[in-house]
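Report on the structure given below.
We did not get these values from a lab; they are worked out from the coordinates using the rules stated. What you see is a predicted model; the values in this text were computed from it and never measured. Ideal geometry is used to build each Cβ from the backbone, glycine not excepted, and the neighbour counts take in all protein chains shown.
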Amino acid sequence: GNPNHRSIVRDPKDVIPVPPTSITDVDPTRLLGYGADLEENHPGYGDDAYTQRRADIGRAATEFAIRVRRAENEHESTIPHIQYTAEEDACWRDVLQTIKKKSQDLACPEYNAGLEDMLAALGPEATTRVPQLADVDKVLRSSPGQFRVRPVGGLLHPRSFLNALAFSTFHSTQYVRHPNEPFYTPEPDIIHELVGHLPLLMNETFADCVRHVGRASLLAPECDMWHLTKVYWYTVEFGVMHSKSVDRPLAYGAGVLSSIAELDNLAGALDNGVTFLPLNPYEPLPKISYNDGVQKFYVSVQSLRDMERKLHTFADFCENLYGQGVSLKTWRHLQSLKN
Ligand code: NLE
Ligand code: FE2
C-alpha cells in the first residue's frame, strides 16, 4: 500500500475549534503564568503586600470581564480606574525616563514617533503618574492603528490572547512591576504594556501585523497554538528590525522596549555575537524562555512593511489550510514526505 496513508490519520489535537465571531466571544478570564503566591523567580516573591496589591488589581480586571460579558456591551469608560500609589508612580517615572533616552538610538523610528504621540495625547501628567488604561484606550482607538485595550489579570491563555488581536483588541495588565527590580520583570505589567506595546499599536502597518497574527490563530487547531504563540513572541514581543540602511538592529518588540536590561542586551548584541534569525513563520521556532533573563537570540525583519507582507501571506496561508482541516504541523509533515 501507499506508506503515506498512515501519516494522514488525524490526531484529536488537529480538530479545528469553533472560532469567535466578535471580541465578546473571547474569554479573558483564563490566566496562565504566575499564580496567587507568585514563584521564586518573581521579584515580588515573598513580599505579601506586593502580592496582595497585584492580586487585587488583577481581580478588578477579571470582574470587569465578567460584567462586560454579561452585559454584552463593552465600553471603554468601564475599564477599572486604578489609584496608583506614589511608589508605583515613581517606578513608572524612572523606567519611562530611562527608556525614552535609550530608545532614541535603540528603537525603530516608528516606535519613537508612537511613544511621543501617545504621551502628547495623554497630556503632561502621563510622564509623572501611571496613565489610566481607559485614557490610553481612547487614544489608541482614534489613532491610525485603531486598536483598543481590554484589562486582564495576568498572562492570558494563548488562544484568547491571540484571537483578540484579530478583533484589534489588546489585553493589558494594570498592576505595576516590583519596585526593587524596575529594569526587568518576568511577566507583563502596565509598564510593559504602556512603554512596550501600546506606542507601536498607534502605527497602522504594525497594527496590521498584529491583526494578521490574530487572524492566523482564529481557526488554528490546538496542535498549532504553541507555534503561533511563538510567531507572536518572536515578533511582537521580542522582534528586532535590521534594515539595510542602518548598521545595527533596532527594537520593535515590546519585551525589549519595556526592559532596560533587554535594551542593554540588544545594544551589545552585535559585539557579543548574539545570533539573529530572519523571520520564517512556517518552520518550527526555538523554544521560548522568558523568565530566565535576557534574550539569547533575536528574530529580525527588514522593516514594518517587510513584516506586514510576510505575516499577511502567512495568515492567508493558515486560514486556507485550516479551512481545509489541515494543521501546519500536518502540512510540514506532508512536505517532508514529498522531499
Ligand atoms: N521583561 C519585560 C520587562 O521587564 O518589561 C516584560 C516581558 C513580558 C513578557
Ligand atoms: Fe507583551
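Working note: Cα gyration tensor of the range 225-317, eigenvalues times five, square-rooted, sorted largest first, giving semi-axes of 21, 16, 11 Å. Dimensions of the chain along the principal axes, based on C-alpha atoms and rounded to the nearest Å, stand at 73, 52, 41, largest first. Here the relative contact order of the range 122-271, from alpha carbon pairs under 8 Å that lie six or more residues apart, stands at 22 percent. Using a cut-off of 20 Å between Cα atoms, the listed pairs Lys230/Lys338; Lys102/Lys138; Lys230/Lys329 include Lys230/Lys338; Lys102/Lys138 as exceeding that distance. Rounded if a/c is under 1.5, else prolate if a/b is larger than b/c, else oblate: which is the range 199-244, with a ≥ b ≥ c the root eigenvalues of its Cα gyration tensor? Oblate shape, in that a/c is at least 1.5 and b/c is the bigger or equal ratio. Taking the Cα centre of the chain as reference, the dipole from Cβ charges on Lys and Arg (+1) and Asp and Glu (-1) amounts to some 1140 debye.
Working note: Karplus 6.51/-1.76/1.60 with θ = phi - 60° gives the range 310-318 the couplings 4, 6, 4, 4, 5, 5, 4, 4, 4 Hz, where Gly and Pro are set to x. Simple rule: put +1 on each Lys or Arg Cβ and -1 on each Asp or Glu Cβ in the range 169-247, find the dipole, and look at Met225, His171, Val213; the Cα lying farthest toward the positive end is Val213.
Explain nothing, just the number: dipole magnitude of the range 25-147 about its Cα centre with +1 on each Lys and Arg Cβ and -1 on each Asp and Glu Cβ, in debye rounded to the nearest 20. Working shown, then result.
Details: 14 positive and 23 negative charges, 46 e Å.
Dipole size: approximately 220 debye.
Applying the criteria of a DSSP loop state and at most 13 other Cβ atoms within 10 Å to the trypsin sites (Lys or Arg not before Pro) of the range 87-121 yields no site. Each of Arg309 and Ser22 was given a label point 7 Å from its Cα along the Cα-to-Cβ line. The distance between the two points is 3.7 nm. Mean residue ellipticity, 222 nm, helices only, the chain: the sum of -39500 (n - 2.57) across DSSP H runs of n ≥ 4, divided by residue count and rounded to 500, is -14000 deg cm²/dmol. Computed packing ranks the peptides 115-121, 188-194 as 188-194, 115-121, most packed first, by mean other Cβ atoms within 10 Å. Annotation: amide H of Val149 within the under-5 Å range of Phe170, sequence separation 5 or more or interchain, hydrogens built in the peptide plane. Our summary gives the chain a relative contact order of 20 percent, counting only alpha carbon pairs under 8 angstrom and 6 or more residues apart. The distance separating the Cα centre of the range 232-306 from that of the range 122-182 comes to 22 Å.
Express the relative contact order of the range 233-313 as a whole percentage, based on alpha carbon pairs under 8 Å and six or more residues apart in sequence. If you can, show how the numbers build up before the last one.
Numbers: 97 pairs, mean separation 29.4, N = 81.
Relative CO of the range 233-313 lands at 36 percent.
Among Ile57, Pro80, Ala36, pick out the residue whose Cα is farthest towards the positive end of the charge dipole of the range 30-109, where Lys and Arg carry +1 and Asp and Glu carry -1 on C-beta, about the Cα centre. Among Ile57, Pro80, Ala36, the one farthest towards the positive end of the dipole of the range 30-109 is Pro80. The 3J(HN,Hα) values that the Karplus relation (6.51, -1.76, 1.60; θ = phi - 60°) gives for the range 188-196 are, in residue order, x, 9, 5, 5, 4, 5, 5, 9, x Hz. Gly and Pro appear as x.
Computed over the range 174-293, the quotient of the alpha carbon radius of gyration and 2.2 N^0.38 Å is 1.10. Partners of Lys244 within straight-line reach, counting lysines whose Cα lies under 20 Å from its Cα and excluding those fewer than 8 residues away in the same chain: Lys310. Shape class of the range 95-227 from the Cα gyration tensor (axes a ≥ b ≥ c, square roots of the eigenvalues): prolate, since a/c reaches 1.5 or more and a/b is larger than b/c.
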